[in-house]
Amino acid sequence: MIGILFGVLVLTASVVVAGIRMFVGPNDANRVIASDLLFFSVIGLVALLGVLVGSRAVFDLVLVATLVGLLATVSLARALTNGRR
């Protein structure tokens, strides 16, 4: 129980730092990386809260959101490099 609460605390700090970096970032690449970190930190928070609540439906939501986040990361990387590989 203490480990889960510590994980929530660490991920909350990560969300705050990534949110600040997303707005203050010096260029677009830093903003994209910060938004990706922010998204996956929120997904981690949802997963940990699902463990605390004991809901199985939360894990389906986390799985789908992770797949969508992976596709968003790839598309943002393509947009950042103007479609070059």
- Note on the structure: For SER75, the accessible surface traced by a 1.4 Å probe with all protein chains present amounts, in square angstrom to the nearest 10, to 70
- Just need the relative contact order of the chain here, percent rounded to a whole number, with Cα pairs under 8 Å and 6+ apart. 26
- The simple spin-label model distance between MET1 and ARG78, using points 7 Å out along Cα→Cβ, in nm, is 4.8
- Per-residue accessible area for SER14 at 1.4 Å probe radius, Å² rounded to 10? 30
- Task: Under 17 Å from a label point 7 Å along Cα→Cβ of VAL64: give me every residue in segment 33-53 with its amide N that close.
- Result: 43-44, 46-47, 50
- Item | Descending principal axes extents, the chain, alpha-carbon based, whole Å | 44, 26, 15
- Run through all the Cα pairs of segment 44-85 and give the fraction in each 5 Å bin from 0, expressed as whole percent. 6, 23, 20, 13, 11, 10, 9, 6, 3
- Taking only protein heavy atoms and a 1.4 Å probe, the highest-to-lowest accessible-area order of LEU52, LEU11 is LEU52, LEU11
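The values are calculated or read from the model by the stated rules, or taken from the named source; none is laboratory data. Remember, predicted model here, so these are calculated numbers, not experimental data. Note that we place each Cβ from the backbone using ideal geometry, even for glycine, and neighbour counts take in every protein chain shown. Side chains are part of the model used for accessible areas, which takes the heavy atoms of the whole protein and leaves out ligands, DNA and RNA. Shrake-Rupley method; radii C 1.70, N 1.55, O 1.52, S 1.80 Å.
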